[in-house]
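Structure, as structure tokens:
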Amino acid sequence: MYRIKQLSIFVENKTGQITDVTTILSQNNLSIKSINLIDSNDFGILRVIVDDEQKAKKVLDDAGISLKISDVFAVAIDDHIGSFNEVVTLLSSNNINIKYTYTISNNHNGAFIFKVNPNNFNQVIDILQKNNINILKEI
Amino acid sequence: MTWNKIESARREDIEKVQLSRLKDTVERVYSLTPFYKEKFDEIGLKPEDITSLDDISKLPFTTKKDLRAHYPFGLFTVPMNEVVRVHSSSGTTGKPTVVGYTKADMDVWDEVMARVFTMAGATSEDIVHNGYGYGLFTGGLGFHNGAEKIGATIIPASGGMTDRQLMLMRDFGATILAATPSFSLHMAEVAKKTGSNYLKDYKLKAGIFGAEPTSSGLKKEVSEAWGIDYHEVYGLSEIIGPGIGCSCKESELLHVFEDHFYFEIIDSQTGEVKPEGERGELVITPLTKQALPLLRYRTGDITSITKEPCKCGRTMLRMESIIGRADDMLIISGVNVYPSQIEHVIANTEGVTLNYQIIAEKKGHLDKLEIHVEVSDDIMSDSLGEMAIIKKNIQSALLNNLYINANVILVQPRSLARSEGKAVRIIDKRKD
């Protein structure tokens, strides 16, 4: 519960590498909920959330593309100023280090995605629930 | 001009010196090195069986593996208080190949390097800019000592920092350049940026180049870029360092210093000695080494030797430029490295698969080494930082263990070229 599965897909710094990944995903009828590329000089990591991560892993493995599945959590965006700040302040005041975060938006709602140290995951969920933050079970 | 009159002695006199020194060396290793004694006993050979120079073919070979197996000082024949200097080259397990010198060995090294400088026309009037790296490598200090021996002024510039080197060469008025051919060409390219008449700022008249295989074309390029005579030097640390031989003004062939080293060309498959003029693997027996005398050391270098006399008057054998390797050794900016050593480093890096490819190419005139390593799900991370650490770990392991700068590039699994299912490990784009 509350563990959203994010794929981290290795992409070389070459034209067409992202297309290779997204073509495979769409040909296999996988829906991309979120996609975001981080890059260094010679390679990048494509962070993707899909509707069926196990299937995605299988088809990407078959195509010889390296990836890792990691747990992130999603907090529903409450549409008022400072909503993101509330979550971050809550975590930092409890000494939780945020590894990275990004926002996604779907048809009618949006979410903040967070990655924390896996050892802190359950503690984080506890803290957020106690403070009535709306954590999503799926996106 | 020769430094020592033995360089133009009659061949029978040279051979007389060789035989007496060979006998001493054989006696020395037999009595002082258990490794050689065992080898002799195995084949029933006694030092007194060596009565002529041709008998050398009865002696066992020595290889780099033997040196490694006796790391660090196992083959030394003198106590450490007689060893005044140690040098080393890169090794596989982080353990380098170690060589040692007594005071007498240093004198021999200085002597042969003095001959090299003299062959290049250098005297005590000259200012020598030494762009070979100083340190464990024999290049920097070998040239340094030789220049001091002839009384020249030595500028110990060492490697790198091209602009600063050029400034020193101009301001100090260097007349002799000692550096690798590729670095020398690179310096010329940089110097050219100041204008086509850049040569007016420099006083160079000759250069002594080595540590890298060089084609005639490359030699001509270096020579023209600097407007200087090109002298090629040959050497390897296991024998002494630079100073085994050098080319004179008359030809591209290298005069080798036979009174200190005995030269053979063998068939690297069968080990049979080849006749004069034929190409094969160069085997050298140092004749005067005290700290680390070796018998029939297999250099792995492919060349040929000739007794044909030279116009310069020197009578010692002449060797052609190294034309290749008997093994798969790569030379990257003057540093010798075997693909197996690189593989060892990769294998010892946590989380990395052994699917890799080594790509050597030229960037301008400098060697550039790229190592492509396939990522696996094991090293895949959602953090760029973590993945960059893997890249950095391999790079620093290569630098620390093998002294080579490489750019490690992570690539997709199964993306590296396979030839008939077998991985293509080395792509050397520097070859024509």
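General observations
- Positions within region A:117-139 being touching a residue at least 60 places away in the same chain (Cβ under 8 Å) and in a helix (DSSP H, G or I), in sequence order: A:F121, A:I125
- Residue among A:N29, A:N85 that alone is modelled with pLDDT of 95 or more and away from chain B (no Cβ under 13 Å): A:N29
- Selection over region B:257-279 of residues that are β-branched (V, I, T) and either buried (at least 24 other Cβ atoms within 10 Å of the Cβ) or part of a loop (DSSP other than H, G, I, E, B) (or both) gives a count of 1.
- In region A:41-59, the residues that are touching a residue at least 40 places away in the same chain (Cβ under 8 Å) and away from every other protein chain (no Cβ under 12 Å) form Cβ pairs under 9 Å with partners that are in a helix (DSSP H, G or I) and of a type outside the set (F, W, Y), at six or more places apart or across chains, as follows: A:V50/A:L25; A:V50/A:A56; A:A56/A:I24; A:A56/A:L25.
- Answer from B:A397, B:A388, B:A360 - the residue that is within 31 Å of the chain's Cα centre (by Cα), assigned to a helix (DSSP H, G or I) and not basic (K, R): B:A397
- Residue list for region B:219-232, filter: under 18 Å from the mean Cα position of the chain (by Cα) and within 22 Å of B:K362 (Cα to Cα): B:K219, B:Y230, B:E232
- Listed by first and then second residue, the pairs linking a residue in region B:200-212 that is on the phi > 0 side of the Ramachandran plot and open to solvent by 20 Å² or more (accessible area, probe 1.4 Å) to a residue that is assigned to a loop (DSSP other than H, G, I, E, B) and among the aromatic types (F, W, Y), with Cβ atoms under 9 Å apart and 6 or more places separating them unless they lie on different chains, are B:A211/B:Y132; B:A211/B:F137.
- Qualifying residue in region B:43-54 (condition: assigned to a loop (DSSP other than H, G, I, E, B) and open to solvent by less than 20 Å² (accessible area, probe 1.4 Å)): yes
- Lone qualifier among A:N106, A:N85, A:N97 - being surrounded by fewer than 12 Cβ atoms within 10 Å (Cβ to Cβ) and either touching a residue at least 40 places away in the same chain (Cβ under 8 Å) or under 13 Å from the mean Cα position of the chain (by Cα) (or both): A:N106
- Residue match in region A:11-20 (condition: more than 10 Å from every other protein chain (Cβ to nearest Cβ), aliphatic (A, V, I, L, M) and surrounded by 21 or more Cβ atoms within 10 Å (Cβ to Cβ)): no
- Contact map, region B:1-19: first residue more than 18 Å from B:V112 (Cα to Cα), second residue among the basic types (K, R), Cβ cut-off under 8 Å, separation 6 or more or different chains; pairs are B:R11/B:K307.
- Close pairs (8 angstrom Cβ cut-off, 6 or more residues apart or separate chains): free of Cβ contacts under 8 Å to residues at least 24 places away in the same chain in region B:97-123, open to solvent by 20 Å² or more (accessible area, probe 1.4 Å) and assigned to a helix (DSSP H, G or I) anywhere: B:K103/B:E82
- From B:T33, B:T25, residue being touching a Pro at 6+ places or on another chain (Cβ under 6 Å), under 27 Å from B:A326 (Cβ atoms) and polar (S, T, N, Q): B:T25
- All conditions in (1) surrounded by 15 or more Cβ atoms within 10 Å (Cβ to Cβ); (2) of a type in the set (A, V, I, L, M); (3) more than 22 Å from B:H344 (Cβ to Cβ) hold for B:V98, with the sole exception of (3).
- Those residues of region B:55-79 which are in a helix (DSSP H, G or I) and either among the polar types (S, T, N, Q) or free of Cβ contacts under 8 Å to residues at least 12 places away in the same chain (or both), in sequence order: B:D55, B:S57, B:K65, B:A69
- Residue within region A:61-72 that is more than 12 Å from chain B (Cβ to nearest Cβ), touching a residue at least 40 places away in the same chain (Cβ under 8 Å) and under 15 Å from the mean Cα position of the chain (by Cα) present: no
- Meets criteria (buried (at least 17 other Cβ atoms within 10 Å of the Cβ) and in a loop (DSSP other than H, G, I, E, B)) for B:L218: no
- Checking each residue in region B:392-418 for being open to solvent by 30 Å² or more (accessible area, probe 1.4 Å) and either free of Cβ contacts under 8 Å to residues at least 24 places away in the same chain or more than 13 Å from chain A (Cβ to nearest Cβ) (or both) picks out B:K392, B:N393, B:Q395, B:S396, B:L399, B:N400, B:N401, B:Y403, B:N405, B:A417, B:R418.
- A search for C-beta distances below 8 Å between a residue of region B:226-238 that is assigned to a loop (DSSP other than H, G, I, E, B) and any residue that is of a type in the set (K, R) and open to solvent by 10 Å² or more (accessible area, probe 1.4 Å), counting only pairs 6+ apart in sequence or on different chains, returns B:I228/B:K205; B:E238/B:K64.
The values are calculated or read from the model by the stated rules, or taken from the named source; none is laboratory data. Owing to the predicted nature of the structure, the values given are computational and were not obtained by experimental measurement. All Cβ positions, even for glycine, are placed from backbone atoms using ideal geometry, and neighbour counts span all protein chains on display. Just so you know, the surface numbers come from the protein's heavy atoms only, side chains and all, with ligands and any DNA or RNA stripped out. Shrake-Rupley method; radii C 1.70, N 1.55, O 1.52, S 1.80 Å.
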